Amino acid sequence: FAIPNDGGAGSKNRAVFLLDVALLHQTPLPLVIHDSVGIKQVGDKRTVGLFKVYASTQKQVFATIDKAQSYTTDGEVPDVFKDNTVLELSDGHELFGWSWNKRAPKPPKETDSDE
């Protein structure tokens, strides 16, 4: 699958998303999962449109979206994102109560002292 005369990363990712839409509609596949890395390669308006298509299906779509407010010129999060968000994570609101990519501070080392 490909988009004729357009070999860019955004077009390639968009083609994957469109294939997933077709698979959702034409097969018993119950869900698709997308990561923000592929999503951000597609133009903002097309991404919002794609999520409107996903929202119209009765199947599940799991997607990670970074900086959802960056998809509009006014900085508002698109309604299709707001209306379909099940879980939102942010600093201080991590999934398991702590951030996996931050190390806990090391306790101070004990020193030998003759006091």
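With Cα atoms as the point set, the radius of gyration and Dmax of segment 8-98 evaluate to 13.6, 41 Å.
Cut-off 10 angstrom, C-alpha nodes, Gaussian network model of the chain. Which of D91, D79, D44 fluctuates the most? Maximum fluctuation in the GNM of the chain, among the listed residues, is at D91.
Report, ordered by chain and residue number, the lysines lying within cross-link reach of K67, taken as a straight Cα distance under 30 Å and ignoring same-chain residues fewer than 8 apart. Correct list for K67: K12, K40, K45, K52, K59, K82, K102. Enter the angle in degrees (range 0 to 90, nearest 10) between the Cα long axis of helix 9-26 and the first principal axis of the Cα atoms of the chain, meaning the one along which they spread out most. Taking the Cα atoms of the chain, the angle to 9-26 is about 70 degrees. An ellipsoid equivalent to segment 1-48, defined through the eigenvalues of its Cα gyration tensor, has semi-axes of 20, 13, 8 Å when rounded to whole angstrom and sorted largest first. By accessible area, using a 1.4 Å probe on protein heavy atoms only, the chain has 54% of its surface on carbon and sulfur. Ordering of 15-21, 92-98, 62-68, 81-87 by packing is 15-21, 62-68, 81-87, 92-98, highest average first (other Cβ atoms within 10 Å, averaged per residue). Magnitude of the charge dipole for the chain, about its Cα centre and with charges confined to Cβ atoms of Lys, Arg (+1) and Asp, Glu (-1), is about 740 debye.
Computed from Cα positions, the angle between helix 44-55 and the longest principal axis of the chain comes to roughly 80 degrees.
Accessible surface for the chain, divided over its residues, is 81 Å² per residue with a 1.4 Å probe.
Taken as Cα centroids, segment 1-61 and segment 83-109 sit 29 Å apart, rounded to the nearest whole angstrom.
The values are calculated or read from the model by the stated rules, or taken from the named source; none is laboratory data. In this text, all values refer to a predicted model and were calculated from it rather than measured experimentally. In this analysis, Cβ positions are derived from the backbone assuming ideal geometry, glycine residues included, and neighbour counts consider all displayed protein chains. Side chains included, ligands, DNA and RNA excluded: accessible areas come from the protein's heavy atoms. Shrake-Rupley method; radii C 1.70, N 1.55, O 1.52, S 1.80 Å.
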